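Undergrad: After the structure tokens below, expect a handful of questions from me.
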Amino acid sequence: MRTQVGIVGAGPAGLMLSHLLHQRGVDSVVIDLRGRQEIEETIKAGVLEQGTVDLMTQTGVGDRMKRDGFVHHGINLAFAGQMHRIDLHELSGGRSVVVYAQHEVLKDLIAKRLQDGGDLRFGVSDTKVEGLDTEQPTVSFQQDGELQRLECDFVIGADGSRTYTRFLIPEGTVRTDFFRQYPFAWFGILAEAPPSSDELIYAHSDRGFALISTRSPSVQRLYFQVDPSTNTDDWSDDRIWEELQARTSGAGATIKAGPIFRKDVLQFRSFVCEPMQYGRLYLAGDAAHTVPPTGAKGMNLAIADVHVLDRALGAFYDAKDTGLLESYTATVLKRVWRAQHFSWWMTSMLHTFPDATDFDLRRQLAELEMVTSSPTAAKTLADNYVGLPLS
Ligand code: DHB
């Protein structure tokens, strides 16, 4: 088979890139080890930056998001017995975020690709990429017991944090990995209960961090900091609700409890690999970088990467101009490192570190006090939270 762009991974980066390329008349094939159902049902985060929202709307995949997503003009920071609102909309000059689950974005992108005649291959195995140092790299894989081989001009590694494609960039001589582990994880739940708050609450407490988010008028998404070795079976529903209430009640929140239908533990990591390209291979999204979830940046970074990649590939096919492809890594790394810093900052300001001293606690509270009382500091948080414009 022959296609212009072979895309490994049907997550936000791979699907959005295939969609954007189609709109400019460039064809692609997307492959994924997972089945369509698994992709459409895996629960991930749910905050879309203004730039992601605008791109979805402008390219015709924003209808359900507009109908079912919630526009949030602010977030709350809870600490030291008080609730403080950060007015994202006002501080950022009219930008905001939309709470809409990542797997719903994926459903929308898959439906649109299929409606447009896109070639998506789910449930493949034995992916092998070769010829990256030639002008005709190949992607081979097994599908329904048959070996398939794609001949492409470019290969995109958008295969998430359990990536195969990243390791095609030789480590040491070409690739450097930057990595940071955190001594905690998030326990996440989905529960049948109406929202406890109109806007998200990021809570600092002496029992650890908690986050109150939402999904719909009848489903809530909530998280709380736990030890990374935590097993979901260790926590009964009653104990979870008591803990969430205890971490937020000092600031005046009242948690609305209900049947919990999903529990998971999310590990925390910061990771970046440089460069994000090698020969005819370009990495996008979690295959190249991971952020801790506190800044709500993961999916947005993936979308921002492929927005740049789409333009770069467009310049190549329109005018044989390789300039934007050559500068791809340098262009996207600016945003990636901005988001790395922001995610690390939010994480370290709000979580309890196991070795924290009273000095550290007071320093955290001083920082939270500054962020909620100084308009300049609040604006820094707001600008980062709603995200940089895409272009
Ligand atoms: C959600 C996840 C996040 O990581 C975050 O910072 C805010 C909200 C969510 O899943 O709703």
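Undergrad: Would you list, by chain and number, the lysines whose Cα falls below 25 Å from the Cα of Lys66, excluding same-chain residues fewer than 8 positions away?
TA: The qualifying lysines are Lys44, Lys107, Lys112, Lys297.
Undergrad: What is the distance in Å between the Cα centroid of the range 15-50 and that of the range 328-361?
TA: 27
Undergrad: Assuming R0 = 35 Å, what is the FRET efficiency of Arg121 and Ser216, from their Cβ-Cβ distance, to the nearest 0.05?
TA: Numbers: r = 32 Å, r/R0 = 0.90.
My answer for the efficiency is 0.65.
Undergrad: Compute the Rg to Rh ratio over the range 159-230 from the alpha carbon atoms, using the Kirkwood formula for Rh, and round to two decimal places.
TA: Details: Rg = 18.0 Å, Rh = 15.3 Å.
Answer for the range 159-230: 1.17.
Undergrad: By accessible area of protein heavy atoms, probe 1.4 Å, what ranking do Thr173, Thr230, Thr52 get, highest first?
TA: Numbers: Thr173 120, Thr230 30, Thr52 5 Å².
Sorted by accessible area, descending: Thr173, Thr230, Thr52.
Undergrad: Please compute the length gained on full extension between Gln136 and Thr42, using 0.36 nm multiplied by the number of residues separating them and subtracting their Cα-Cα distance.
TA: Details: separation 94, 0.36 × 94 = 33.84 nm, distance 3.39 nm.
Extending this stretch completely gives an extra 30.5 nm.
Undergrad: Which ³J(HN,Hα) values, rounded to whole Hz and listed in residue order, are derived for the range 283-297 from phi using the Karplus coefficients 6.51, -1.76 and 1.60 in 6.51 cos²θ - 1.76 cosθ + 1.60 with θ = phi - 60°, glycine and proline given as x?
TA: Going residue by residue, I get 8, 9, x, 4, 4, 10, 7, 10, 10, x, x, 4, x, 6, 10 Hz, with x marking Gly and Pro.
Undergrad: With no solvent and one point on each alpha carbon, what is the Debye value of log10 I(q)/I(0) for the chain at q = 0.07, 0.08, 0.09, 0.13 Å⁻¹?
TA: -0.33, -0.43, -0.54, -1.09
Undergrad: Now for a separate question. Leaving ligands and nucleic acids out of the surface, order Asp206, Asp286, Asp227 by accessible area at 1.4 Å, largest first.
TA: Result of the area sort, largest leading: Asp206, Asp227, Asp286.
Undergrad: In addition: Could you check the simple spin-label distance between Glu369 and Gln245, using points 7 Å along Cα→Cβ, in nm with one decimal?
TA: In this crude label model, Glu369 to Gln245 measures out at 3.1 nm.
Undergrad: Using a 10 angstrom cutoff on alpha carbons, build the Gaussian network for the chain and name the most mobile of Trp235, Trp344, Trp186.
TA: Trp235
Undergrad: Have a look at the DSSP beta bridges in the chain and tell me what percent are antiparallel, nearest 5. Spell out each step's value before the answer.
TA: On the way: 54 of 73 bridges.
Of all bridge pairs located within the chain, approximately 75 percent are antiparallel.
Undergrad: Let me ask something else about it. If you average the C-alpha positions of the range 208-269 and of the range 65-84 separately, how far apart do those two centres end up, in angstrom?
TA: 16
Undergrad: Can you give the accessible area of Phe167 in Å² (nearest 10), computed on protein heavy atoms with a 1.4 Å probe?
TA: About 120 Å², rounded to the nearest 10.
Undergrad: Would you grab the residues whose amide H sits under 5 Å from the one on Ser196? Only those 5+ places off in sequence or on another chain, please, with H modelled 1.01 Å from N.
TA: Lys256
Undergrad: Moving on to the next point. Can you give me the P(r) profile for the range 239-391? Cα pairs, bins 10 angstrom wide beginning at 0, each as a whole percent.
TA: With a bin width of 10 Å, the distribution comes to 9, 28, 29, 20, 10, 3, 0.
Undergrad: Here is a follow-up. Using a probe radius of 1.4 Å on heavy atoms only, what accessible surface per residue do you get for the range 274-391? Whole Å² is fine. Write down the numbers at each step before the final one.
TA: Values: 4770 Å² over 118 residues.
Accessible surface, normalised per residue, equals 40 Å².
Undergrad: Provide the descending list of Cα extents for the range 336-391 along its principal axes, expressed in whole angstroms.
TA: On the principal axes, the range 336-391 reaches 43, 25, 11 Å in Cα extent.
Undergrad: Report, to one decimal in Å, the Kirkwood hydrodynamic radius for the range 5-116 based on all distinct Cα pairs.
TA: 15.5
Undergrad: Also, quick follow-up: Using only Cα atoms, tell me the angle between helix 102-115 and the longest principal axis of the chain; keep it within 0 to 90° and round to the nearest 10.
TA: 30
Undergrad: Considering only protein heavy atoms and a probe of 1.4 Å, how much of the accessible area of the range 1-159 is carbon and sulfur, as a whole percent? Working shown, then result.
TA: Numbers: 2880 of 6560 Å².
That fraction is 44 percent.
The values are calculated or read from the model by the stated rules, or taken from the named source; none is laboratory data. In this text, all values refer to a predicted model and were calculated from it rather than measured experimentally. Reconstructed Cβ throughout: ideal geometry from the backbone, glycine too, with neighbour counts over all protein chains shown. Note: areas computed on protein heavy atoms with side chains; ligands, DNA, RNA excluded. Shrake-Rupley method; radii C 1.70, N 1.55, O 1.52, S 1.80 Å.
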